[in-house]
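My structure is below; once you've seen it, I'll send some questions.
No value in this document is a laboratory result; all are computed from the given coordinates. Keep in mind the model is a prediction, meaning the values are calculated, not measured. Using ideal geometry, Cβ is built from the backbone for each residue, glycine included, and neighbour counts are taken over all protein chains shown.
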Amino acid sequence: ETGVTQTPRHLVMGMTNKKSLKCEQHLGHNAMYWYKQSAKKPLELMFVYSLEERVENNSVPSRFSPECPNSSHLFLHLHTLQPEDSALYLCASSQDLFGTGGYEQYFGPGTRLTVT
Amino acid sequence: AQKITQTQPGMFVQEKEAVTLDCTYDTSDQSYGLFWYKQPSSGEMIFLIYQGSYDEQNATEGRYSLNFQKARKSANLVISASQLGDSAMYFCAMREQGDSWGKFQFGAGTQVVVTP
């Protein structure tokens, strides 16, 4: 596997369910990100991790719980979601957090989440 | 406040023609980076091109070039010789040096449809 992978690609869950999204990067990067992409809205940054340490929680409801066990893996644990949480959830990684020289983000294919 | 503005929600362009996608940004930092990403209907965000605020020359990557006008705070993407596979959503993004943990801020995107 190369690049950034995400599983599952599609997820339908009820409001009382608990599920997890998984992201894995094979690029040797130090920083990982979770984004939410809703229809007709800009990407919303949710969480940022650098070297497995959370450095930003961008006012995200507690029903979203991230976990970064190592620099290659990132999880997003979901529980008691609302229908408005239905969106595309994108994971990304970058070489590092600091500096503006390049350090572009590489994205996974996303998980299309539908909350019923 | 929105720091990245993409004023064109959608554009049609004929195959083999060039198209310019507008992007203006707002920052008080001297050091920042500008990025363009492409998102096909499959959902994956694909990095296209990067321009640093101190770069004196406009960035180019194959058929993509970035028209960087620092004084006007604009970073327009030019796609030359459009192909059907260029049909996608295009996002402009910025990363500011002052934002030490490296948050990327994205615009709302421009939907490009290439017609035969």
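Contact order normalised by length for chain A, with contacts defined as Cα pairs under 8 Å and 6 or more residues apart; what percent is it?
Numbers: 293 pairs, mean separation 42.1, N = 116.
This gives 36 percent for chain A.
Let me ask something additional. Which of rounded, prolate or oblate describes region B:32-116 when judged by the alpha-carbon gyration tensor and an a/c cut-off of 1.5? Please list the in-between numbers first.
On the way: a/c = 2.38, a/b = 1.47, b/c = 1.63.
Oblate shape, in that a/c is at least 1.5 and b/c is the bigger or equal ratio.
Using the Cβ atoms and a cut-off under 10 Å, what net charge is assigned to the surroundings of residue A:58, where Lys and Arg are +1 and Asp and Glu are -1? Walk me through the numbers on the way to the answer.
Numbers: positive: A:36, B:103; negative: A:44, A:56.
In short, 0.
Measuring from label point to label point, each 7 Å out along Cα→Cβ, what is the residue A:52 to residue A:67 span in nm?
In this crude spin-label approximation the distance works out to 1.4 nm.
For chain A, give the magnitude of the charge dipole about the Cα centre (Cβ charges: +1 Lys/Arg, -1 Asp/Glu; no others), in debye to the nearest 20.
Dipole of chain A, to the nearest 20 debye: 520 debye.
Is the shape of region A:52-116 best called rounded, prolate or oblate, per the rule: a/c under 1.5 gives rounded, else a/b larger than b/c gives prolate, else oblate, with a ≥ b ≥ c the square roots of the Cα gyration tensor eigenvalues? Please report the intermediate quantities before stating the final value.
On the way: a/c = 2.19, a/b = 1.74, b/c = 1.26.
Here region A:52-116 falls in the prolate category.
Further, regarding this structure: How large, in Å, is the protein assembly as shown by the Kirkwood hydrodynamic radius built from its alpha-carbon pairs? Mind showing how you got there, number by number?
On the way: mean 1/r = 0.0549 Å⁻¹.
Mean inverse Cα-Cα distance, inverted, gives 18.2 Å.
Given B:13, A:39, A:6, which one lies farthest toward the positive end of the charge dipole of the protein assembly as shown, if we put +1 on the Cβ of every Lys and Arg and -1 on the Cβ of every Asp and Glu?
Comparing the listed Cα positions along the dipole, A:39 ranks first.
Shifting gears a bit: Cβ under 14 Å from residue A:21's Cβ, residue A:21 left aside: what net charge do those residues give with Lys, Arg +1 and Asp, Glu -1? Walk me through the numbers on the way to the answer.
Working: positive: A:9, A:18, A:19, A:22, A:36, A:63, A:112; negative: A:24, A:67, A:85.
Here the charged neighbours net out to +4.
Just counting partner chain Cβ atoms within 10 Å, what average do the residues of peptide B:103-114 show around their Cβ? Could you put the intermediate results ahead of the total?
Numbers: counts 7, 10, 3, 7, 2, 4, 5, 0, 0, 0, 0, 0.
Average per residue, whole number: 3.
Cut-off 10 angstrom, C-alpha nodes, Gaussian network model of chain B. Which of B:14, B:83, B:30 fluctuates the most?
B:30
Okay, moving on. Provide Rg over Rh for region A:1-104; use the alpha carbon set for both Rg and the Kirkwood Rh (inverse mean inverse pair distance). Working shown, then result.
Details: Rg = 13.6 Å, Rh = 14.2 Å.
Rg/Rh: 0.96.
Okay, next question. Considering amide H positions built from the backbone, and no H for Pro or chain starts, which residues 5 or more places from residue B:23, or on another chain, come under 5 Å of its amide H?
Those qualifying (amide H under 5 Å, at least 5 residues apart or on another chain) are B:75, B:76, B:77.
Which whole-number percentage describes the relative contact order of region B:49-97, with Cα contacts under 8 Å and a sequence gap of 6 or more? Write down the numbers at each step before the final one.
On the way: 43 pairs, mean separation 11.1, N = 49.
Once divided by the residue count of region B:49-97, the mean separation gives 23 percent.
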